[in-house]
Ligand SMILES: O=C(O)CCC(=O)C(=O)O
Ligand SMILES: [Fe+2]
């Protein structure tokens, strides 16, 4: 099991030239980020996203979080928030996905978590079973049947939720500190994005933060998820890395290594597009609840991870699922988002019109649909 860094990018750069805090590789590539670029080599070791697939590359909007100048954690500078807000809304309404750089979470923390989870996945099954996912969605899920389709999903998952639970720090020293560091950083970054989203949606700056006041605490379903997809042979019928789905919450932050395989269905079409890899960057994608809040003007992004055609390596990723506090009422806002001028294709589970509900009812229904069989 291993991971390295390579650059496979087709991104559109929005905003100012990157600042000083970018990861090294990002800084090296930054000078070429003008308009649409494609740094994807014609062939290479990480052929999973270069090989001949049905899907094509998607062009993503990159925007800067301006970590250097954001002010304090709770009260980021107004100008920064406004800039992030308009870029984030544009990207999420057009693509359902945005790419964040200069966000302040160092790549070495992701790598420490990838390494810790690698070590956990190498433990004998009976040890891993001690940490199995419980009814509060906390814990380890071994590779097995997909929650979404008839496919078999080849991935290890470890969910860390606000209910708390055991972490395998005895078997894997450093596991807890890797998770704790990331949990704190992802929460902080999410707070900034929630503030920006609220401003972009013409609400008071703390409109969304006040509804997400307990992330990773009891009474809130936000989850930090470590994922490891072991190396596989060629794609086989009925075998997926992660089947197509939309996330349930407000939005998801996703860090990934360079293995590739992540694909998205753009909101206004049925076609699947590949998402490249930009070292150090974090993807932000819309979930069900934000789609609901915005009357589907920020549609939930359908995504999946496919088995690469020629790649014998493993894939690592880390997702931070941001959810509102469970007692939050999810009611569509009146705000009209300028960019959302097309009718987006809806996620299967969003198609039915439903009345007002709380975040708790929403997540319980999604869990029932997901874990029914
Ligand atoms: O591993 C990935 O990149 C995607 C994971 C994912 O979409 C999920 O767990 O909801
Ligand atoms: Fe997902």
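The values are calculated or read from the model by the stated rules, or taken from the named source; none is laboratory data. Treat the numbers as computed from the prediction; the structure is a model and nothing was measured. Every residue, glycine among them, receives a Cβ derived from its backbone with ideal geometry; neighbour counts consider all protein chains shown.
Conditions (1) out of contact with any helix residue (DSSP H, G or I) (no Cβ under 9 Å at 6 or more places or on another chain); (2) in contact (Cβ under 8 Å) with a residue 40 or more places away in the chain; (3) within 15 Å of ligand 1 (Cβ to nearest atom), marked per residue:
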site	(1), (2), (3)
208	no, yes, no
213	yes, yes, no
221	no, yes, yes
228	no, yes, yes
267	no, yes, no
Please enumerate the residues belonging to region 248-269 that are at pLDDT 95 or above, in a loop (DSSP other than H, G, I, E, B) and closer than 18 Å to residue 182 by Cβ. 249
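I'd like the residue in region 217-244 that is in a strand (DSSP E or B) and surrounded by fewer than 20 Cβ atoms within 10 Å (Cβ to Cβ) and, out of all such residues, is farthest from ligand 2 (Cβ to nearest atom).
If we filter region 217-244 for residues that are in a strand (DSSP E or B), which is where we start, we get 220, 223-229, 239-240, 242-244.
Add one more test, that the residue is surrounded by fewer than 20 Cβ atoms within 10 Å (Cβ to Cβ), and what stays is 225, 239, 243.
Details: 225: 9, 239: 18, 243: 10 Å.
Taking the candidates together, the pick is 239.
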Return the residue satisfying two criteria in turn: it lies in region 230-249 and is touching a helix residue (DSSP H, G or I) at 6+ places or on another chain (Cβ under 8 Å) and within 28 Å of residue 362 (Cβ to Cβ), and of such residues it is nearest to ligand 1 (Cβ to nearest atom). 247
